[in-house]
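Reading through the structure tokens given below for one structure.
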Amino acid sequence: MAGRIRDEDIALVRDRTAIADVISEHVTLKSAGGGNLKGLCPFHDEKTASFTVAPARNVYFCHGCGQGGDAIKFLMDIDHLSFIEAVERLAGRSGIQLRYIEAGPAPVRQQQGQRQRLVAAHVAAAEFYADQLGTGPAQKAREFLAERGFDRATAQLYGCGFAPDAWDHLAKHLRQKGYTPQELITAGLVREARSGSLIDRFRGRLLWPIKDLTGDVIGFGARRLFDQDDGPKYLNTPETPIYKKSHVLYGVDLAKREIAKQGRVVIVEGYTDVMACHLADVPTAVATCGTSFGSDHIGVLRRLLMDSDGFTGEIIFTFDGDAAGQKAALRAFEEDQKFVGRTFIAISPDSMDPCELRLAKGDLAVRDLIARREPLVDFALRQVLSRHDLDTVEGRVDAMRRAAPLVAKIKDREKRPEYVRKLAGDLGMEIEPVQRAVAAATGRAEPPPGRPAPAESAVDSPQAMVERECLKLALQMPALAGPMFDALGAEVYRHPVHIAVREGITTAGGAASAVAGAVWIEGVRDACGDLAAKALVGELAVEPLRLDNEPDPRYVSVALARLQLASVASRIRDLKSKVQRVNPVTNKDEYLALAGELFSLEQHARALREQAVGGL
């Protein structure tokens, strides 16, 4: 590292970064009104979108898990970067040359953190492999692509390359570019031999660069070409700090916008299937990389699909028609329950994968395959029933027992009765025993009826709402709230967390001297010693104000008047109680003093009520 980044450069990065652009590379965002955007939180699993982005203030907050902050904080959390690494990445996006206090301007390479170095090494490797694809030794790789209907332009589009059948060609190439042996080993591009020398991980293979959502190259998939290669048919990058196979989907960088636009994703099994689908005008295809489709992949896709209670998309699995493909489809049905959207399966009647289908029958056949999709539950039930002899009583009963849990798992409860009837018809049984079997399985699969609903955690009393509104004004529009807000201290707030936030605003320097934006909000968050208060700052920073138009000084005046009313009313009640307990004859002076204070407070309350006319 070249040292600490100058504060003014950090501020410039924040100012020039559009947080919605950064977050939309990971989460599909839709309008939430008031200028805000909403999507599924990338930091926890949820079915109803509670992740809010406020572009005007360049901040985000999740009402479900409490995560919030600016674009720097988002990258730190989503990509596990240090603060400096996140600032450097955003600076690179905006073309900002960072300056470091100890060392002044530094070469870009010295400024990069580990992730940037590993990604850069992969980019250099991808360029090396792509260049090698045009050489003589790569003829078999070119033939492999051509035999599957992919020309040179397609190979270039997907960055296909060739790893020379040599021990250390890539290692030497990258060492000449300044990468250290440890960096190349950490990146998974090479491994260390017993002698201590570096050996290329991929040799004599056709390669596909694997990219993350943002388009960064983070790994490779390599296909065996030569008979003397005794390795697996496909070899992938090992787990590294930037490559987690359970999270990676090949082609997602190219497909993400269409997935969000169409509300549909097609999950295929291989790299060539993704290429074939995209070329056949099925641009939403993605594939797993060296692992089965799992819950982490679902998390990535649900955020792209905005798969929530309010909006449901389509998830279409394509599998080979062989036994392995059928097993994968049934496993997918188990994962299906983690989607809100509708899940389907598309299997070619000829048991061909999309690449083979396109080669044999053309682009239209691939599109027709997707169009002929069937609900995954239908396929799963059919596969279960096919394993039993339905001509015997024992076979039908056993099949019912095996199939009932599948029906019980159907998310849409309104569809279950129809599937009960369908299952009874397929089994050739009366509906009552099937209903009992499904009901029994449902009892095991679902929470018992009558379970109390979780208690609401939000404080929604009128006073709490007023307190929130005033704090929102100070956080979102400090220049407008300014001196009026600062004139009222924490004593006028009642909710303990609101008090902590109000004290944090004071510690951060007060609203009157603040400039709206992420720096101010982060300053208040840092000034709050209470974890709940820190979370609330993020929440209030993106929560819309309780009015349709732009707030003005009068609105601030009304809000602060209503805030004070509760405090003044409480003091009036206390004084009235004291006045009633004081004898006006024996304690005349005390009585008159309390009566005078009460009269003054009641006048103040009347003035506040007049100021608060119009309400929130």
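The values are calculated or read from the model by the stated rules, or taken from the named source; none is laboratory data. Just so we're clear, the structure is a prediction, and the values are computed from it rather than from any experiment. Because the Cβ atoms are built from the backbone with ideal geometry, glycine has one as well, and the counts that use them run over all protein chains shown.
Against the numbered list (1) touching an Asp or Glu at 6+ places or on another chain (Cβ under 7 Å); (2) in contact (Cβ under 8 Å) with a residue 24 or more places away in the chain; (3) surrounded by fewer than 19 Cβ atoms within 10 Å (Cβ to Cβ), GLY204 comes up short only at (3). The helices (runs of 4 or more DSSP H) found entirely in the stretch 351-405 that carry 3 or more residues being aliphatic (A, V, I, L, M) and closer than 15 Å to VAL282 by Cα are 363-371. If the condition is being buried (at least 20 other Cβ atoms within 10 Å of the Cβ), over 22 Å from ASP77 (Cα atoms) and not small (Gly, Ala, Ser), then the stretch 229-251 contributes LEU235, ASN236, THR237, TYR250. Applying the set (1) surrounded by 16 or more Cβ atoms within 10 Å (Cβ to Cβ); (2) under 23 Å from TYR60 (Cβ atoms); (3) within 32 Å of the chain's Cα centre (by Cα); (4) of a type outside the set (S, T, N, Q) to VAL515 leaves exactly one unmet item: (1). Looking for something within 17 Å of GLY529 (Cα to Cα), hydrophobic (A, V, I, L, M, F, W, C) and not assigned by TED's automatic domain parsing to the domain that holds ASN58 - is there at least one such residue anywhere in the stretch 476-487? No: the stretch 476-487 contains no residue that is within 17 Å of GLY529 (Cα to Cα), hydrophobic (A, V, I, L, M, F, W, C) and not assigned by TED's automatic domain parsing to the domain that holds ASN58.
Where in the stretch 136-225 are there strands (runs of 3 or more DSSP E), lying wholly inside it, with at least 2 residues that are over 30 Å from LEU359 (Cβ atoms)? Break it down stepwise before answering.
Working: elements: 161-163, 190-192, 198-200, 205-211, 217-224.
Correct list: 190-192, 198-200.
Cβ-Cβ contacts under 7 Å between residues 6 or more apart (or on different chains), taken from a first residue in the stretch 583-604 that is over 14 Å from ARG571 (Cβ atoms) and outside the structural domain of ARG571 (by TED's automatic domain parsing) to a second residue that is at pLDDT below 85 and in a helix (DSSP H, G or I), are absent. Checked against (1) surrounded by fewer than 16 Cβ atoms within 10 Å (Cβ to Cβ); (2) within 19 Å of ASN236 (Cβ to Cβ), LYS140 passes all but condition (2).
Results for (1) polar (S, T, N, Q); (2) modelled with pLDDT of 90 or more; (3) not assigned by TED's automatic domain parsing to the domain that holds VAL268, shown as yes or no for each residue.
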| residue | (1), (2), (3) |
| --- | --- |
| ALA371 | no, yes, no |
| ALA404 | no, yes, yes |
| GLU414 | no, no, yes |
| LEU423 | no, yes, yes |
| ILE431 | no, yes, yes |
| GLU467 | no, yes, yes |
| ALA474 | no, yes, yes |
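Condition test on ALA121, is it over 30 Å from the mean Cα position of the chain (by Cα) and part of a helix (DSSP H, G or I)?
Values: over 30 Å from the mean Cα position of the chain (by Cα): no; part of a helix (DSSP H, G or I): yes.
For ALA121, the condition - over 30 Å from the mean Cα position of the chain (by Cα) and part of a helix (DSSP H, G or I) - is not met.
Restrict the check to the stretch 293-309 and report whether at least one residue is touching a Phe, Trp or Tyr at 6+ places or on another chain (Cβ under 7 Å), surrounded by 21 or more Cβ atoms within 10 Å (Cβ to Cβ) and at pLDDT below 90. Within the stretch 293-309, one or more residues are touching a Phe, Trp or Tyr at 6+ places or on another chain (Cβ under 7 Å), surrounded by 21 or more Cβ atoms within 10 Å (Cβ to Cβ) and at pLDDT below 90.
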